[in-house]
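S.K.: First, the structure itself, so that you have it in front of you.
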Amino acid sequence: MCPAKTVSPPPIPPAEEPDSPEQLPPGPASNPDVSRWNDVEALRGESDPVLQAARATELINEYGRRVIELSALRRIAIERARRENGMTHGEVADSIGITRGRLSQIRSGHTR
């Protein structure tokens with residue numbers, strides 16, 4: 001009996017790390033990563049379950065890195081709103097549609 005042939009899916013290019021936490025990534029118009037959700041939809045049609053699982057793992061890893069980047073950007077933006085706009089924590093929380101408790105969690109960096 002021959003061993004099953006496995007084929008590696010094409011790799012996802014790694015996310016570029018910003019030079020500093022305050023450096024914002026390019027916006028949607030210039031960022032091809034925004035179309036990555038199309039990859040998810042295309043993955044639904046993959047007939048090979050091994051390829052589908054491997055590609056899904058790659059996408060999960062990529063999106064996890066994006067969540068970390070976005071979390072840092074949000075923390076920075078919250079502090080900038082306080083510093084540059086003179087807003088209180090409560091005003092910032094109300095403005096972005098979260099509770100003050102959630103804002104406190106975000107500021108502490110303990111949660112995404």
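S.K.: Evaluate the following for Ser95: is it modelled with pLDDT under 95, in a helix (DSSP H, G or I) and of a type in the set (S, T, N, Q)? Step through it out loud before you land on a result.
M.R.: Details: modelled with pLDDT under 95: no; in a helix (DSSP H, G or I): yes; of a type in the set (S, T, N, Q): yes.
No: the conditions fail for Ser95.
S.K.: For His110, only one of the following conditions fails: (1) exposed (fewer than 14 other Cβ atoms within 10 Å of the Cβ); (2) part of a helix (DSSP H, G or I). What is its number?
M.R.: All conditions pass for His110, except number (2).
The values are calculated or read from the model by the stated rules, or taken from the named source; none is laboratory data. Being a predicted model, the structure only gives us computed values, none of them experimental. So basically every Cβ, Gly included, is an ideal-geometry build from the backbone, and we count neighbours across all protein chains shown.
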